[in-house]
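Asker: Shown below is the structure under consideration.
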Amino acid sequence: MSDRPQQVVINSPLDMHLHFREGAMAQTVIPLSSYSFAGGVIMPNLVPAVNNLERLTGYLQEIKSIVGDDVFQPYMTVFFKDYSYEELEQFKPHILGIKLYPAGVTTNSEDGVAALDRVETTIKYMEELEIPLLVHGETHGFVLDREKLFLPIFEHLANKFPRLKIIMEHITTAEAVALLDRYENIFATVTLHHLIITLDDLAGGLLRPHLFCKPIAKRPEDREALLKAAIAAHPKLMFGSDSAPHPIDKKEACGCAAGIFTAPIALAALAELFAKHNALDRLQAFVSDNAQKIYDIIPPQKFITLESIPFKVPATYGDVVPMFAEREISWSITKLF
Ligand code: DOR
Ligand code: ZN
């Protein structure tokens, strides 16, 4: 065996679920994504939420000014509420989709939907206007069952709105993976962390707050099902990091905020994971091609070379602790063009 490093070149990697925040936090985290990805889907759960045209265009401007000369396309979303047809028509040229949060299930989702059956007119308009619906699919049930309990709602929506593209965001269960093959109009994103950790990593020993997120990491058999679909580059599954930065004092606290910050390590860690499973030839589909086909988008061209050369993850970026802080990842980004 040669001791030359292994190498893979990815064309236009995309992060299809990403939290950029605003202000100082955005200044810290945006460059870390715009360096290594060619685009990303930007979540709208700010305070106040991104739920009108002015807020949307203002936020896009802020993102663009921080992205600067980096090749990076922000794909915007707005926060789901009971919108009129006219409002949706106005949003359409500026957004990739609308993100629905059930009220109170995660960070800044208090203004989410309390009763789904009362907002179906808006969903019908979205179907007519061909605006995808991105969903945080959790109920208020027992924490380990929240995603599973939500799946019948996905089935109801898929049946009632057959032309609506429905994206199950950050899936964490084997049951959600199975749903992909049962409904033509259901798709999903999966995070890096849910491909790697289980509940044991978070709470099996000393509590690890930087691995706490919503939906919470599940059982080994769930992780296996997610990993199997990801390394097979299941055509209805896309990479979406759900990189969700919170300042250190909000994570290392009694009442730890939910969110794992993975943006700066995501690509290298994915290369490491896919290499470990002899699936490097499928990384391109998982981190870019599938999303391009599902959303019918053509991202800017950007080639990223990854090599099996170790990379030591910093302890912090600004006042945010990344996943795998101070640990070594056996792959790194070596070239961008
Ligand atoms: O862990 C999470 N953090 N899950 C979410 O759904 C939201 C996110 C955040 O915004 O911090
Ligand atoms: Zn998220």
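Read the figures in this text as sums done on the coordinates, not as results from a lab. Quick caveat: nothing in here was measured; it's all calculated off a predicted structure. We place every Cβ from the backbone using ideal geometry, glycine too, and count neighbours over all the protein chains shown.
Asker: Lys160: which lysines have alpha carbons under 30 Å from its alpha carbon, excluding same-chain residues fewer than 8 sequence positions away?
Answerer: Lys81, Lys92, Lys99, Lys124, Lys148, Lys214, Lys218, Lys228, Lys236, Lys293
Asker: Once phi is turned into θ = phi - 60°, what whole-Hz ³J(HN,Hα) does the Karplus curve with 6.51, -1.76 and 1.60 give for every residue of the range 37-52, x standing for Gly and Pro?
Answerer: The phi angles translate into 10, 8, x, x, 8, 9, 6, x, 7, 8, 10, x, 5, 7, 9, 8 Hz.
Asker: If you place +1 on the Cβ of every Lys and Arg and -1 on the Cβ of every Asp and Glu, how big does the dipole about the Cα centre of the range 7-336 come out, in debye to the nearest 20?
Answerer: On the way: 30 positive and 41 negative charges, 90 e Å.
Result for the range 7-336 is approximately 440 debye, rounded to the nearest 20.
Asker: Which percentage, to the nearest 5, of the DSSP beta bridges contained in the range 1-140 is antiparallel? Display every interim value, and only then the final one.
Answerer: Values: 0 of 15 bridges.
Antiparallel bridges make up about 0 percent of those DSSP assigns within the range 1-140.
Asker: To the nearest µm²/s, what D does Stokes-Einstein give for the range 150-217 at 20 °C and 1.002 mPa s, using the Kirkwood radius over alpha carbon pairs as Rh?
Answerer: Details: Rh = 13.2 Å.
Once the numbers are plugged in, D ends up at 162 µm²/s.
Asker: In the Gaussian network model of the chain, springs joining C-alpha atoms below 10 Å, which of Gly58, Gly259, Gly205 carries the largest mean-square fluctuation?
Answerer: Of Gly58, Gly259, Gly205, the Gaussian network model singles out Gly205 as fluctuating most.
Asker: Related question: For the range 300-309, just list the computed ³J(HN,Hα) in residue order, Karplus coefficients 6.51, -1.76 and 1.60, θ = phi - 60°, integers in Hz, with x standing in for Gly and Pro.
Answerer: Once rounded to whole Hz, the list reads x, 7, 7, 9, 10, 9, 10, 9, 7, 10.
Asker: Let me ask you something else. Compute the acute angle (0 to 90°) between the alpha-carbon long axis of helix 220-231 and the principal axis of greatest extent of the alpha-carbon atoms of the chain; round to the nearest 10°.
Answerer: Taking Cα atoms only, the helix is inclined about 80 degrees.
Asker: Here's a follow-up. When the Kirkwood radius is taken over all Cα pairs of the range 191-337, what Stokes-Einstein diffusion coefficient follows at 37 °C and 0.692 mPa s, in µm²/s? Don't skip to the end; give the middle numbers.
Answerer: Working: Rh = 16.1 Å.
Answer from the Stokes-Einstein relation: 203 µm²/s.
Asker: My understanding is that a pair violates if its Cα-Cα distance is over 32 Å; which of Lys251/Lys312; Lys165/Lys251; Lys165/Lys250; Lys64/Lys276 do that in this structure?
Answerer: Values: Lys251/Lys312 22 Å; Lys165/Lys251 34 Å; Lys165/Lys250 35 Å; Lys64/Lys276 36 Å.
Cα-Cα > 32 Å for Lys165/Lys251; Lys165/Lys250; Lys64/Lys276; rest within.
Asker: Same structure again: Taking the C-alpha atoms of the chain, how large are the radius of gyration and the largest Cα-Cα span, Dmax, in Å?
Answerer: In order Rg, Dmax, the Cα atoms of the chain give 18.8, 62 Å.
Asker: Another one. Note the angle between two axes, namely the Cα long axis of helix 146-160 and the longest principal axis of the Cα atoms of the chain, as a number of degrees from 0 to 90, rounded to the nearest 10.
Answerer: Value to nearest ten degrees: 50.
Asker: From the P(r) of the range 1-131, could you give the percentage of C-alpha pairs in the tail past 18 Å?
Answerer: On the way: 4970 of 8515 pairs.
The share of Cα pairs beyond 18 Å in the range 1-131 comes to 58 percent.
Asker: Going by how many other Cβ atoms sit within 10 Å of their own, how do Val29, Val8 line up, fewest first? Write out the running numbers ahead of the final one.
Answerer: Numbers: Val29 24, Val8 18.
Sorted ascending by nearby Cβ count, the order is Val8, Val29.
Asker: Report the GluC sites (Glu not before Pro) located in the range 120-173 that are in a DSSP loop and have at most 16 other Cβ atoms inside 10 Å of their Cβ, or state none. Don't jump to the answer; show the numbers that get you there.
Answerer: Numbers: sites: Glu120, Glu127, Glu128, Glu130, Glu138, Glu147, Glu155, Glu169; in loops: Glu130, Glu138, Glu169.
Answer by residue number: Glu130.
Asker: What Rg and what Dmax come out for the range 69-197 when only alpha-carbon atoms are used, in angstroms?
Answerer: Computed over the Cα atoms of the range 69-197, radius of gyration and Dmax are 14.8, 45 Å.
Asker: Additional query: Which three semi-axes in whole Å describe the equivalent ellipsoid of the range 96-161, each the square root of 5 times a Cα gyration tensor eigenvalue, listed largest first? Intermediate results must be reported in sequence, preceding the final value.
Answerer: Working: eigenvalues 84, 38, 20 Å².
Here the semi-axes work out to 21, 14, 10 Å.
Asker: If you don't mind, there's one more thing I want to ask. Between helix 120-129 and the chain, what is the angle of the helix's C-alpha long axis to the longest principal axis, kept within 0 to 90° and rounded to the nearest 10?
Answerer: Long axis of 120-129 versus the principal axis of the chain: about 70 degrees.
Asker: Just to confirm my numbers, what's the Cα centroid distance between the range 296-316 and the range 131-154 in Å?
Answerer: 31 Å
Asker: For Phe303, what residues show an amide H to amide H distance below 5 Å, using hydrogens built from the backbone and excluding near sequence neighbours?
Answerer: Under 5 Å from the amide H of Phe303: Ser12, Phe337.
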